[in-house]
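Peer 1: Okay, handing you the structure first.
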Amino acid sequence: MDNNLHIETLLANTPSVDGSGIAPVTGAIYQTSSFINNGKTPYSYTRCDNPTRSALEEKMRVLDGGVRAFAFASGLAAVTACFSLLQSGDEVVISNDIYGGTYRLLEQIFGHFGIRFLLTDMSSLAEVEANLSERTKMVYFETPTNPMLRVADIRRIAALAKRAGAITVVDNTFLTPYFQRPLALGADIALYSATKFLCGHHDTSAGLLVTSDVSLADRLALISRTEGAALSPFDAFLIQRGMKTLALRMEKHQQNARAVAAFLKDHPSVAEVFWPGDEDSPDYALSCSQSTGFGGMLSFALKTREQALSLLENVKLIKFAESLGGTESLITYPLTQTHASTPAPLREKLGITDRLVRLSVGIEQENDIIGDLFVALRA
Ligand SMILES: *Cc1c(COP(=O)(O)O)cnc(C)c1O
């Protein structure tokens, strides 16, 4: 497709990579594990390559402006592929406000292979710089972060990492290429849990990596083929189907998050609201400098633990469930759900208290979401 088209247009159209001469308007599902070696097709075995997966990868490559993209069976499979670039003795400078599963993967699996990680406050460039050494091979962070919605300066951190000889990986799950393109800001790899906004419908799991570097692409291709966690054809189809409406959904998620944040800020039971699109947020200016939007994720602290627990119990429309980024609004309690494996002292430092709840604002009518919160907060 013409890469000069606007992102809404690229998203709405699904090019089919098949070479069969059949020309479906939307991508076909090649539900096969193997291909006949007739010398006419580049495909041989689905673990290594599959046309349905290739179509999704090509779409993501274009959206993120990379040289190559890879699709995996989950976000954590994509994170695993990334960490598989490392060797024993290497160090990772990693955000201290990171997805709980990513932390667990480093701590419980890669840590045992001699990979060290330095938990770092990515909003402090001085701390990033202090933690970089000649052993640092990767700088890894999310922005905005989960669950505190803090924003890290992609341009400046990527420049510091480059100077230290390390690659930069940005988990762009919360904003997607629709609102933020990390490779254009200097990152080497953009990573996604496609389970979330890219899929958008809470109906499957997937992960994506896009790289701007040819030699990293070659190494990731080997890792993907060899570790065997590549995305299945059917799920690649579902992610592409979801992505057709990504632009519409992201705009609506954001519009609703803005309304919900304004409601919560004025509510007497709410102590603090964390959403980078709030002009009073300490990260508002930085967000505007590197993203075209703020997304639909927000967290807030109630005044007491009892108020938080009562809210979780009393919401009706908003579902008390893990995950995020789908059409339905979901509420979670990071302390015991997504961030249960984060060490307690770190949780306290970050603000992940027993009063904090995280909201993935869906695409319902905003007054229905606010009404549900209003009633649940009164209970
Ligand atoms: C969910 C999530 C992941 C992990 O993705 P899975 O698809 O659940 O494996 C990684 N990073 C972030 C920011 C996430 O929200």
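Peer 1: Given only helices, namely DSSP H runs of n ≥ 4 each adding -39500 (n - 2.57), what is the per-residue ellipticity at 222 nm of the chain, to the nearest 500 deg cm²/dmol? Working shown, then result.
Peer 2: On the way: 14 runs with 137 residues, N = 379.
Using -39500 (n - 2.57) per qualifying helix, the result is -10500 deg cm²/dmol.
Peer 1: Above 41 Å lies some portion of the pair distances; for the chain, what is it as a whole percent of all C-alpha pairs? Can you show the working numbers first?
Peer 2: Numbers: 8555 of 71631 pairs.
Cα-Cα pairs in the chain separated by more than 41 Å: 12 percent.
Peer 1: List the aspartates and glutamates whose Cα lies under 17 Å from the Cα of Lys319, skipping any in the same chain that are fewer than 8 positions away.
Peer 2: Filter leaves Asp203, Glu328, Glu364, Glu366, Asp368, Asp372.
Peer 1: Continuing with the same structure: Does anyone have the angle between helix 233-243 and the longest principal axis of the chain? Alpha-carbon axes, 0 to 90°, nearest 10?
Peer 2: 50
Peer 1: Taking the number of other C-beta atoms within 10 Å as the exposure measure, put His112, His202 in order starting with the fewest.
Peer 2: Values: His112 8, His202 19.
Ranked by crowding around the Cβ, least crowded first: His112, His202.
Peer 1: Taking the Cα atoms of region 245-363 alone, what are Rg (to one decimal) and Dmax (as a whole number) in Å?
Peer 2: Looking at region 245-363, its Cα Rg and Dmax stand at 14.2, 41 Å.
Peer 1: Taking N as the number of residues in region 33-191, what is its Cα Rg relative to 2.2 N^0.38 Å? Intermediate results must be reported in sequence, preceding the final value.
Peer 2: Numbers: Rg = 16.9 Å, N = 159, 2.2 N^0.38 = 15.1 Å.
Normalised by 2.2 N^0.38 Å, the Cα Rg of region 33-191 equals 1.12.
Peer 1: Let me ask you something else. Pick from Ala126, Ala271, Ala247: which residue has the top mean-square fluctuation in a GNM of the chain where Cα pairs under 10 Å get a spring?
Peer 2: Largest GNM mean-square fluctuation: Ala126.
Peer 1: Can you find, among Leu160, Thr336, Gln240, the residue sitting farthest towards the positive end of the charge dipole of the chain, where Lys and Arg contribute +1 and Asp and Glu -1 at Cβ?
Peer 2: Gln240
Peer 1: Related question: What is the set of long-range amide H partners of Gly296 at a cut-off below 5 Å, with H atoms built 1.01 Å from backbone N?
Peer 2: The list, which skips near neighbours in sequence, is empty: none.
Peer 1: What is the calculated FRET efficiency for Glu272 to Arg378, with r their C-beta to C-beta distance and R₀ = 35 Å, to the nearest 0.05?
Peer 2: E between Glu272 and Arg378, to the nearest 0.05, is 0.95.
Peer 1: Let me ask something else. Taking a threshold of 31 Å on the Cα-Cα distance, which of the pairs Lys40/Lys162; Lys137/Lys196; Lys137/Lys349 fall above it? Let's see the in-between values first.
Peer 2: Values: Lys40/Lys162 41 Å; Lys137/Lys196 28 Å; Lys137/Lys349 26 Å.
Pairs exceeding 31 Å: Lys40/Lys162.
Peer 1: Moving on. Going through region 229-325, which trypsin sites (Lys or Arg not before Pro) have at most 16 other Cβ atoms within 10 Å and a DSSP loop state? Mind showing how you got there, number by number?
Peer 2: Working: sites: Arg241, Lys244, Arg249, Lys252, Arg258, Lys265, Lys303, Arg305, Lys316, Lys319; in loops: Lys244, Lys303, Lys316.
Listed in order of number, the matching sites are Lys244, Lys303, Lys316.
Peer 1: Follow-up. Full extension from Ser20 to Glu58: what is 0.36 nm times the residue separation minus their Cα-Cα distance, to one decimal in nm? Display every interim value, and only then the final one.
Peer 2: Details: separation 38, 0.36 × 38 = 13.68 nm, distance 1.75 nm.
Length difference between fully extended and current span is 11.9 nm.
Every number here is computed from the coordinates shown, using simple stated rules; none is lab data. All values derive from a computational prediction rather than experimental measurement. With ideal geometry, Cβ positions are generated from the backbone for all residues, glycine too; neighbour counts draw on all protein chains shown.
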